[in-house]
Amino acid sequence: MADRVTVIGWDGSPLTAAARSALSAATLVAGAPHHLALPEVPPTAERIRLGSLELAARRIAGHRGTAVVLADGDPGFFGVVRTLRAPEHGLEVEVVPAVSAVAAAFARAGMPWDDAQIVVAHPRTLRRAVNVCRAHGKVAVLTSPGAGPAELALLLGGIHRTFVICEELGTEREQVSVLTSDKAADHTWRDPNVVIVIGGGQASTADPGWLLGQGPAHAAGRGWARPRPDAGGEGESAPLRAAQLARLGPRTGDLVWDIGSGSGAFAVDAAGFGAAVIAVDADPLALERTTAAARKRGVQLQVVAGRAPHVLEDLPEPDVVRIGGGGAEVVAAVAERRPERIVSHASTRDEAEAIGRALTEHGYAVECALLQSVGLDTRTWAEQERSVVFLLAAERPLTR
């Protein structure tokens with residue numbers, strides 16, 4: 001095992017005295033080609049070009065001597081320190097940090113970033129990163145080959161955002177570009193880069209808050225699935241909405257379809273959990289109510305006018321779906337898109353059986369419960385309203 005492992009962050013600035021001291025004593029140096037070309041790297045040291053971090057960690061663990069790992073920015077922030085400290089390698093490391101790429105990008109943009117979401121985009125996580133950009137007004141995306149600004153813009157589709165694209169920060173080739181998301185797909189961008197994605201009309205605030213990444217939407221009043229005066233009609237009751245939300249479990253990185261959004265109460269609650277939401281309704285007034293409810297809550301969502309199932313064909317792939325109307329035909333169309341979870345409801349047993357059958361035929365595990373709720377006037381304890389509905393919850397089995 002290496003006698004000593006020092007991880008040095010590099011942001012393009014001259015190395016600190018501590019970094020130079022560690023490098024001068026190194027018998028093994030690992031880093032990217034531009035790191036290994038630094039004049040401070042001892043000519044006699046063994047050099048490892050970082051490709052696979054796991055492979056490099058094993059090489060370092062088996063080295064007898066003093067090892068240094070060079071990395072861009074702060075190596076403890078979505079960086080190599082996590083891999084090197086993994087239990088299977090048994091490495092204890094000293095870290096000499098530098099300014100992280102995210103901090104540098106926001107500095108170039110002249111913006112605060114304590115209210116920003118920060119995501120890492122790889123080809124396998126790109127869709128979830130895009131969903132965060134849909135749902136939040138300020139997001140920093142650490143990109144990778146195949147998951148860069150052009151790919152982000154293409155998946156955002158018609159969602160308008162402003163991109164601040166920072167290429168090769170801290171190097172002589174550093175470049176910062178500001179353009180709208182519809183233009184980003186027309187360019188080829190150099191790696192590595194950081195993309196700050198801004199927009200969506202979220203209200204700005206001078207209050208810095210107290211928790212990283214939490215903007216004004218999280219300062220709204222407590223509670224979800226609360227009774228609302230404009231949430232009337234079948235499928236709009238607060239107890240049903242609470243049960244639907246509990247079954248779907250929307251979270252940051254998810255895309256939620258709310259088909260038949262009605263008052264927008266469910267869509268706004270789902271967005272309040274950090275998920276991206278597309279609210280679909282054939283009634284323009286319903287979409288206006290949904291937009292107004294989102295604005296009042298301080299969350300972002302997208303509204304789409306049209307009647308399911310036809311309007312669903314051009315929507316991006318969902319993670320979870322709430323179906324507020326349309327029956328078995330809409331349920332079957334949604335199941336064809338293979339979301340992880342689906343909830344729907346029915347007012348009669350025959351309708352519930354038809355929906356359950358459609359879900360089962362598409363390979364979903366289905367549960368059904370009859371929910372009854374009675375609202376009471378707490379002044380007289382007289383019954384105000386009664387709701388009886390079948391709740392259907394379906395989950396796609398995990399593939400092995």
Subset of region 143-154 that is touching a strand residue (DSSP E or B) at 6+ places or on another chain (Cβ under 9 Å) and within 16 Å of S181 (Cα to Cα) - its residue that is most open to solvent (accessible area, probe 1.4 Å): T143
- prompt: Counting residues that are open to solvent by 20 Å² or more (accessible area, probe 1.4 Å) and farther than 29 Å from R251 by Cβ, which helices (runs of 4 or more DSSP H) fully inside region 32-133 reach at least 1?
  reply: 33-36, 53-61, 101-109
message: Just to be sure I understand, how many residues within region 149-193 are of a type outside the set (A, V, I, L, M, F, W, C), touching a residue at least 40 places away in the same chain (Cβ under 8 Å) and closer than 20 Å to W113 by Cβ?
response: 5
Complete set of residues in region 9-31 that are assigned to a helix (DSSP H, G or I) and free of Cβ contacts under 8 Å to residues at least 40 places away in the same chain: A17, R20, S21, S24
query: Quick check: is even one residue across region 371-387 surrounded by 17 or more Cβ atoms within 10 Å (Cβ to Cβ) and either among the hydrophobic types (A, V, I, L, M, F, W, C) or modelled with pLDDT of 95 or more (or both)?
result: no
- line: Scanning region 246-259 residue by residue, those in a loop (DSSP other than H, G, I, E, B) and either open to solvent by less than 10 Å² (accessible area, probe 1.4 Å) or in contact with a helix residue (DSSP H, G or I) (Cβ under 8 Å, 6 or more places away or on another chain) (or both) turn out to be P250, T252, G253, D254
field: Every residue from region 286-306 that is among the charged types (D, E, K, R) and at pLDDT 95 or above
entry: E288, R289
task: State yes or no: is A22 open to solvent by less than 20 Å² (accessible area, probe 1.4 Å) and at pLDDT 95 or above?
output: yes
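The values are calculated or read from the model by the stated rules, or taken from the named source; none is laboratory data. Model, not experiment: these values are computed from the prediction. Ideal geometry is used to build each Cβ from the backbone, glycine not excepted, and the neighbour counts take in all protein chains shown. Accessible surface is based on the protein model in full, side chains and every heavy atom, while ligands, DNA and RNA are left aside. Shrake-Rupley method; radii C 1.70, N 1.55, O 1.52, S 1.80 Å.
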